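Peer 1: After the structure tokens below, expect a handful of questions from me.
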Amino acid sequence: MLRVELNAVAPDFTLQDFNGKTVSLADFTGQENVLVVFNRGFF
């Protein structure tokens, strides 16, 4: 598994938000902080 380093540039990725809209990290270029939360669902 790829390890993430502190204070390093995050690799670009694309995911779907809770509405099904595709969102990419590149969509936030130029913003100082981006918070990404991964919720684990239980079925």
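FYI, it's all coordinate maths here, none of it is from the lab. In this text, all values refer to a predicted model and were calculated from it rather than measured experimentally. Heads up, the Cβs are rebuilt from the backbone with ideal geometry, glycines too, and the neighbour counts pull from every protein chain shown.
Peer 1: Please state which of the following conditions Phe13 fails to meet, knowing it meets all the rest: (1) surrounded by 10 or more Cβ atoms within 10 Å (Cβ to Cβ); (2) at positive phi.
Peer 2: (2)
Yes/no matrix, rows are residues, columns are (1) outside any loop (DSSP other than H, G, I, E, B); (2) within 10 Å of the chain's Cα centre (by Cα); (3) of a type in the set (D, E, K, R):
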| residue | (1), (2), (3) |
| --- | --- |
| Arg3 | no, no, yes |
| Ala8 | no, no, no |
| Pro11 | no, yes, no |
| Leu15 | yes, yes, no |
| Asn19 | no, no, no |
| Gln31 | no, no, no |
| Val34 | no, yes, no |
| Phe38 | no, yes, no |
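Peer 1: Still on this structure, I have one more. Counting just the residues of region 17-28 that are closer than 21 Å to Leu2 by Cβ and free of Cβ contacts under 8 Å to residues at least 12 places away in the same chain, which one comes out surrounded by the fewest Cβ atoms within 10 Å (Cβ to Cβ)?
Peer 2: Ranking the candidates gives Phe28 first.
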